[in-house]
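The values are calculated or read from the model by the stated rules, or taken from the named source; none is laboratory data. Bear in mind the structure is a predicted one, so any value in this text is a computation, not a measurement. Neighbour counts run over all protein chains shown; Cβ positions are idealised from the backbone, glycine included. For the accessible areas, the whole protein counts, side chains as well, though only heavy atoms, and no ligand, DNA or RNA atoms are used. Shrake-Rupley method; radii C 1.70, N 1.55, O 1.52, S 1.80 Å.
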Amino acid sequence: MEWDWAFVIQILPTLLQGVKITILATLLGSIVAAVVGLVIAIVRRSKNRLVSMPMGFVAEFIRGTPLLVQLYFIFYVLPDLGLTLSPLVAGVIGLGLHYGTYTAEVYRAGIENVARGQWEAAKACNLTPFQTWTRIILPQALPPMIPALANYFIAMFKETPLLSAITVLELMNQARSIANYNYRYIEPITLVGAFFLVISLISVIGLRWLERRYGRIG
Amino acid sequence: EDTLDKLKEQGFARIAIANEPPFTAVNPDGTVSGAGPDVARAVFAKLGVKDVVASISEYGAMIPGLQAGRHDAVTAGLFMKPERCNAVAYSEPILCDAEAFLVKKGNPKGFKSYADIAKDASATIGAPGGGTEERLSLEAGVPRDRVIVVPDGQSGLKMLQDGRIDVYSLPVLSINDLAKKANDPNIEVVAPVVGAPVYCDGAAFRKNDTALRDAFDKVLAEMKTSGEFAKIIEPYGFSAQAAMSTTREKLCAAK
Amino acid sequence: MGQWGGYLQLILDGALVTIKLTLMGSALALVMAFLAGLGRLSHFAALRWLATTYIEFFRGTSIFVQLFWAYFVLPLLGLSLTPLQAGVLALGLNVGAYGAEVVRGAVKSIGKEQYEACIALNFNRWQSLRHIILPQAVVLMLPTFGNNAIELLKASSVVSLISLADMTFQAQVVRAQTGSTLVPFLTILILYFAMASVISFAIRGLERYMTRGLDGVRT
Amino acid sequence: MAPANAAPTIEINGISKSFGSFKVLDELSFKVAPREKLALIGPSGSGKTTILRILMTLEGIDSGDILIEGDNLYRMPANGGLRPANEQHLHKMRTKIGMVFQLFNLFPHKSVIDNVTLAPMLTKGVRQAEAERHAMELLEMVGLADKAKAMPAQLSGGQKQRVAIARALALSPKIMLFDEVTSALDPELVEEVLNVLWRLCAETDMTMLLVTHEMGFAHDFADRILFFDRGRIVEEGKPEEIFRHPKQERTQTFLKKIIAAGHRV
Amino acid sequence: MAPANAAPTIEINGISKSFGSFKVLDELSFKVAPREKLALIGPSGSGKTTILRILMTLEGIDSGDILIEGDNLYRMPANGGLRPANEQHLHKMRTKIGMVFQLFNLFPHKSVIDNVTLAPMLTKGVRQAEAERHAMELLEMVGLADKAKAMPAQLSGGQKQRVAIARALALSPKIMLFDEVTSALDPELVEEVLNVLWRLCAETDMTMLLVTHEMGFAHDFADRILFFDRGRIVEEGKPEEIFRHPKQERTQTFLKKIIAAGHRV
Ligand SMILES: Nc1ncnc2c1ncn2[C@@H]1O[C@H](COP(=O)(O)OP(=O)(O)OP(=O)(O)O)[C@@H](O)[C@H]1O
Ligand SMILES: Nc1ncnc2c1ncn2[C@@H]1O[C@H](COP(=O)(O)OP(=O)(O)OP(=O)(O)O)[C@@H](O)[C@H]1O
Ligand SMILES: [Mg+2]
Ligand SMILES: [Mg+2]
């Protein structure tokens, strides 16, 4: 089968529709992952083992099982339990939960990176635990985490094609629809690969910049 | 090299199926049944190919898979349409069916045809990816983003029940089978869809495997006259008469 | 309830495919990780360039896209693969690209003084690598390799989308047959987690085994 | 100088503290009078830091009681009896105590003035303008008014420590704890910090506990000296008594060693 | 003691070496006679280590020539002329030279005996049984026969260094380079390593180059001493001359400092 440029030009606008969804899913997923990871990290630090241990297990479980199956689970099982999410929302939650277990590790390392004296100084200043977290610890812990977090967001971006399995019409799904409709796979799939490659290479450059700017943990 | 000889030698033919009863089905023990594979198995046996090995595939992936040499034939209710006839070599018709809708009880939006769905700007329709129903929806003017590609029948049923789609469309017999299994008083079947023709599938072969196709046709024709054909497909609800009253030539020429 | 037995059997058949994919994919990934990781450290610019291209390409494009490409596009270019071969190829090459960076990092982290001792003892480059550098570097690679193997196990579920009857695929089949969604998916989630636990357990054991006698030398 | 017979500001009654199986403090008791300046000296590992950390509630105790102005630090009244203090109780008690650390522990992401204003604004609800006015007074006192906008990373060690002192003072504690506040400083920077302590001593009526290896300073500064060894008080008394006529052999050897190491007394 | 007029084992002719813009060795020349024990002394940064590293081919040179038993180390004959040495040539030349490092550089994943047998087996194709027999002899000599099965992490610094010496000897080099082989050791472990060097000196006829800050040992051990400063030889001579009657002012100051720091001469 030959590469057909006319066909490429014909399908490009449709593929760009998918690009929009892919980027949207990545952005929303990153936000969810950033928040979920923080929650996991803070709960796992709790001295109350009745709280920290189950959270540890849940996080390990999510990390140890495939995102694809989790997406199916969220999309098809949750409605039986009374929660019907739109495909995109289900996908974003799946991405966010899954990558939240990774960002939690980044937060953990970042928090441990803050000198112990800072906790003690905060106590000597009589700050409450909440004030200590929001005013003292996180403002110091977050900047060095940024590159590591960005790294996972890039990884997440590369997994968004999985959302096609729960009918989200992102780039990969658009490409497959085009392929199915025209019986031509070579152009759509290759274009998707090229798109991911280009974005990834650009983001690697961005990541280096972040690492220079904010340093690196771990 | 002759494909039939090769199949005889290796003792089996690789067929693509879809797991969409009653066209194709996978039993709990993993064996394959359904009208399509049963016919294929019988024809291949008479051709001297002892067995068929099935792999489940999306509709959209079947023709590329065939072209890529992953399958020797597609026997999955892949209805004959002119574009497909260009891409593969079909046998004479085997399984015929009209299209149907699965909708919520009472058909609240009153859908009777694909055009009705196109007209309702909020309606979404589920269909198998790369299947006839997806194409019919798009051709009737339903925009791409309202045609939800559903991986399999059970997912389609579930998405309808969960309110994620308004209509799920498959051939009549498939929808009936699905509705019967679901046993859900809140859904109902609309059949046949107005304006959608009755389609027939055939076994699809690689474009250059016409020799194999012709051999297949010859046996198939014998089975049709002997009544053996009807005995295989009618228990599944298909009409042998429908398949015998039309031809590949007609179906491939239809516009 | 008798039929659940049959369905469970189906899922276990799938588990076998998943295990096979993971083992074969990991083996390929391991080979690629060392080839490309050492390639990037090579004296020869051409080798370095080749390794870098491989690494950036496979890390840059999504595993999902790679799988589809291997399955649908490669045959059109004249290389036809079974779903299993396509799965092993895509998984192995993808994870191998990540592993290459692990190999490179571990080798580079071995102190310069070990290389100098090798020169002083007149080892050639290959002997230094084979007997001195790699044995120490492998210990450092193990934990990350373990994580990579788990990532590979998880990524293997994607092959269900190219019709390879792995565990996720069989769960879909069972779901289509029974109409029950919760049971098959919960079952395979637990099975995946069990497999991942086995991997990390095995790696920890291996790490303990390989670091015996080295206490206090490496962190 | 504090009247020795006033009700004590701090009363420590038989406290013990172990880390694992290692007993750091062993049934320790002593009192500190209002406005008293108390210096804690003793060999490394004798538990001096631990006492300050316990008073600052950075470390709990295993047994015994601590009273701050008559209120129990680690226990709170609850229907008739006493029960372990909760966070509210500790929060209330901590308002009376400030601490300056050996390694300053400034907040590196906040400017000098923000370091000083943060605690009053957050814990006492002081308004920003008022907090900054007070902070500038304090920075003036420690001689760093011109550095208000600087970030901690731009300061020398001595300057950092003076900011840390201003920060602790901003909460106007009754009791100030100083843990070897000069020992992380380059020798030429020690003086500037000690000068600030002198001013504090002269101008405020806080009760002060000071752990130090600067024997000369302890001598001039303290009303009373406690000499520790292995979690117990070996000797206590006025600076002259301790430094010129130590009674215990342990104290004598310690002071000899310190002098040999070049510390002035 | 080496006859001073024999053909030299090492001949260094005007070598220079820079790191970036910093010139470490500047047109340096000297010779080492067969079996001579030569000590290199001098202040930190004077280039002593660099000379040994250049001889071991761990570092290249910018200009000049080095002859080992008459063969050019960094150049090889090629159709009439000389061209830069390739890996084969260096490999051949390195068979004559062994080196012991300040930080031992043992292979931490190999047992003591494996550390010693590895090089002979890999570079000379000696068979395992034979390599182990020889290794045990060497370990015997350095007093560590009973540690053959131990891992390096289980050894003290002095034991590690003795294993490192045995490892270098296992290749039977003609020339041995020792770079401050005792300076990373606790004082009480220095003696055991120096004793091994004494035995080597007495029992073998290797040419030895020794960089050290142990002036007493250099005095007793060396046939000749080179005093370096800033990449040049400032003074050379018999130990008595250098230590008792240094001619150059630079040497005098250096020796004074060393003595003040408590090193015996
Ligand atoms: N968190 C801890 N865990 C275990 N041991 C501790 C801890 N904190 C202190 N210790 C031990 O308790 C003992 C007393 O420590 P402390 O810091 O109070 O001594 P110090 O008198 O301040 O000594 P220095 O003059 O060296 O600062 C020491 O032996 C120390 O190792
Ligand atoms: N790889 C290098 N890159 C840059 N500079 C170097 C390098 N190696 C050595 N130098 C510099 O070369 C100079 C000589 O170093 P060398 O180690 O030979 O001194 P030395 O006489 O052995 O000193 P010491 O007694 O401290 O070991 C030093 O100033 C050192 O900083
Ligand atoms: Mg202390
Ligand atoms: Mg040196």
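Counting only protein heavy atoms and a 1.4 Å probe, chain A has 42 square angstrom of accessible area per residue. The same position D:Asp205 in the other copies lies at 9.4 nm from this copy, comparing label points 7 Å beyond Cα toward the beta-carbon, shortest first.
How large is the Rg to Rh ratio of region D:109-211 when both quantities use alpha carbon positions and Rh follows Kirkwood? Here Rg/Rh amounts to 0.95. Other residues lying with their Cβ under 15 Å from the Cβ of E:Val193 contribute a combined charge of -3, Lys and Arg counting +1, Asp and Glu -1.
Near B:Met80, the amide H atoms lying under 5 Å from its own belong to B:Cys200, B:Asp201, B:Gly202; only residues 5 or more places off or on other chains count, and H is placed 1.01 Å from N.
Taken along its three principal axes, the alpha carbon spread of region B:34-98 comes to 31, 28, 19 Å, from the longest extent down to the shortest. Only helices enter this figure: runs of n ≥ 4 DSSP H residues, each worth -39500 (n - 2.57), summed and divided by the residues of chain A, yield -25500 deg cm²/dmol at 222 nm to the nearest 500. Per-residue 3J(HN,Hα) values for region D:120-129, derived from phi via the Karplus relation 6.51 cos²θ - 1.76 cosθ + 1.60 with θ = phi - 60°, read x, 5, 7, 9, 10, x, 5, 6, 4, 4 Hz in sequence order (x marks Gly and Pro). Within the shell defined by Cβ-Cβ distances under 13 Å, the residues around A:Ile136 carry a net charge of +3, with Lys and Arg each +1 and Asp and Glu each -1. Take the Cα coordinates of region B:5-50, assign each an equal point scatterer, and use the Debye formula without solvent to give log10 I(q)/I(0) at q = 0.22, 0.25, 0.27 Å⁻¹. Rounded to two decimals, the profile gives -0.75, -0.88, -0.94.
For a paramagnetic label modelled on A:Trp5 (point 7 Å from Cα along Cα→Cβ), amide N atoms under 16 Å away belong, within region A:178-197, to A:187.
Which shape class, rounded, prolate or oblate, goes with chain C when its Cα gyration tensor gives a ≥ b ≥ c as root eigenvalues, a/c under 1.5 marks rounded, and past that a/b bigger than b/c marks prolate? Cα axes put chain C in the oblate bin.
Surface composition of chain E: carbon plus sulfur atoms contribute 50% of the solvent-accessible area (1.4 Å probe, protein chains only, all chains present).
Overall, region E:149-265 carries a charge dipole of about 240 debye about its Cα centre when +1 sits on the Cβ of Lys and Arg and -1 on the Cβ of Asp and Glu, all other atoms neutral. Over the whole of A:182-194, what's the average partner chain Cβ count within 10 Å per residue? Rounded to a whole number, please. Rounded to a whole number, the mean comes out at 6.
If only the Cβ of Lys and Arg carry +1 and only the Cβ of Asp and Glu carry -1, the dipole of the protein assembly as shown around its Cα centre is close to 920 debye. About its Cα centre, the dipole of region B:2-59 is roughly 180 debye, where the only charges are +1 on Lys and Arg Cβ and -1 on Asp and Glu Cβ. When the charge dipole of region A:5-214 is built from unit charges on Cβ atoms (+1 for Lys and Arg, -1 for Asp and Glu) and taken about the Cα centre, the candidate among A:Thr134, A:Tyr99, A:Gln174 whose Cα reaches farthest toward its positive end is A:Thr134.
Each 20 Å bin from zero up to the one holding the largest Cα-Cα distance in the protein assembly as shown carries the following percent of pairs: 9, 25, 27, 24, 12, 3, 0. Using θ = phi - 60° in the Karplus curve 6.51 cos²θ - 1.76 cosθ + 1.60, the 3J(HN,Hα) couplings for region B:68-85 round to 7, x, 7, 10, 8, 7, 10, 10, 9, x, 7, 4, 6, 9, x, 5, 5, 4 Hz; x is entered for Gly and Pro. Computed over chain B, the range of Cα coordinates on each principal axis works out to 54, 37, 32 Å, biggest value leading. Annotation for the A:C interface, with buried accessible surface near 3100 Å², both sides summed [1.4 Å probe; non-protein components not counted].
Here the calculated FRET efficiency for E:Asn79 and E:Ser18, from their Cβ-Cβ distance with R0 = 30 Å, stands at 0.45, rounded to the nearest 0.05. In this structure the amide hydrogen of D:Met76, modeled in the peptide plane, comes within under 5 Å of the amide hydrogens of D:Arg83, D:Ala85, none closer than 5 places in sequence on its chain. Spin-label model, E:Glu87/D:Ala184: points 7 Å from Cα along the beta carbon direction are separated by 5.0 nm. Inter-copy label distances for D:Gly81: 9.9 nm (label point placed 7 Å from Cα along Cα→Cβ; shortest first).
Toward the positive end of the charge dipole of the protein assembly as shown, with +1 on the Cβ of Lys and Arg and -1 on the Cβ of Asp and Glu, the farthest Cα among D:Pro8, B:Val49, B:Gly130 is that of D:Pro8.
Count the net charge of all other residues whose Cβ sits under 12 Å from the Cβ of C:Ile19, scoring Lys and Arg as +1 and Asp and Glu as -1. So the surrounding residues net to -1. Which of these, D:Ala131, D:Ala78, D:Ala166, has the largest mean-square fluctuation under a Gaussian network model of chain D (Cα springs below 10 Å)? With Cα springs under 10 Å in chain D, the top fluctuation among D:Ala131, D:Ala78, D:Ala166 is at D:Ala78.
In sequence order, region C:101-107 has phi-based couplings of 5, 5, 4, 4, x, 5, 4 Hz under the Karplus curve 6.51 cos²θ - 1.76 cosθ + 1.60, θ = phi - 60°, and Gly or Pro positions carry x.
Counting protein heavy atoms only and a 1.4 angstrom probe, how many square angstrom of accessible surface do chains C and E bury in total, to the nearest 100? Buried surface at the C/E interface: approximately 2100 Å². Here the Debye sum runs over all C-alpha atoms of chain E as equal scatterers in vacuum, and log10 of I(q)/I(0) at q = 0.07 Å⁻¹ comes out as -0.25.
Considering amide H positions built from the backbone, and no H for Pro or chain starts, which residues 5 or more places from E:Val24, or on another chain, come under 5 Å of its amide H? Distant-sequence amide H within range of E:Val24: E:Lys17, E:Ser18, E:Phe19. Dipole orientation for region E:123-197: of the candidates E:Leu139, E:Ser183, E:Val193, E:Leu139 has the Cα lying most toward the positive pole (charges on Cβ; Lys, Arg +1; Asp, Glu -1). Stretching the chain fully between C:Met210 and C:Leu182 yields a gain of 5.9 nm (0.36 nm per residue, less the alpha carbon separation). For the pair B and C, the buried accessible area comes to roughly 1500 Å² in total, with a 1.4 Å probe and the value rounded to the nearest 100. Value of Rg to Rh for region A:5-214, rounded to two decimals, is 1.07; Kirkwood radius and Rg both from alpha-carbon coordinates.
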